[in-house]
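Each remark here refers to the structure printed beneath this line.
The values are calculated or read from the model by the stated rules, or taken from the named source; none is laboratory data. For clarity, every value in this text was computed on a predicted model and none was experimentally measured. A quick note on method: Cβ atoms are made from the backbone with ideal geometry, for glycine too, and the neighbour counts reach across all protein chains shown.
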Amino acid sequence: SIGVNYSRCVRNNRPRVKKVVESMKKMKKRMSLRQLLFLMSAFIQEIKYGIPPFIENNKIIAGFWVPPKVLANNFGDCDSKGVAFASMWTNFKRYPLILIKIPNHLFLGLAIPSIGRDEITINGLSYTLCEVTGPDKIPPGLITNYSRFYLEGGRFRYELIR
């Protein structure tokens, strides 16, 4: 099977999206963790939703675009946008982050103080859950009923991003 190594993609693209994060931080000098999270989440949710092709320019990309391409094209699906968010977030904060995979969707969790009602504990660490795909503006700490259904049923996989 063909898949994407999300952790490696986040790590490799962190420096490539750093200037975007720095620009956000310059907007407001004293931004709290919560304010930054809401700003970054809304920024990624504004990116148009669409599924990248399986093959592009005679190269298998498995329906996944790297973060700079998502930002440049203003287009991506849940895993492309989730990895873009993770690459940006890990430039600023080194809190553990998980990418949570359920059928046909990906969302994430941040090991930060609880925001909202939706969180999960994995290996003793509590993660605030976030839907960054959009187009709905779901604030951090809340997830869709679809995501909740799979999460509560234990039908998910996750990948830890450090």
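Key figures
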| quantity | calculated |
| --- | --- |
| Count of region 11-36 residues which are assigned to a helix (DSSP H, G or I), under 25 Å from LEU142 (Cα atoms) and touching a Lys or Arg at 6+ places or on another chain (Cβ under 9 Å) | 3 |
| Qualifying position, being modelled with pLDDT of 95 or more, of a type outside the set (A, V, I, L, M) and over 11 Å from the mean Cα position of the chain (by Cα), among PRO53, PRO113, PRO68 | PRO68 |
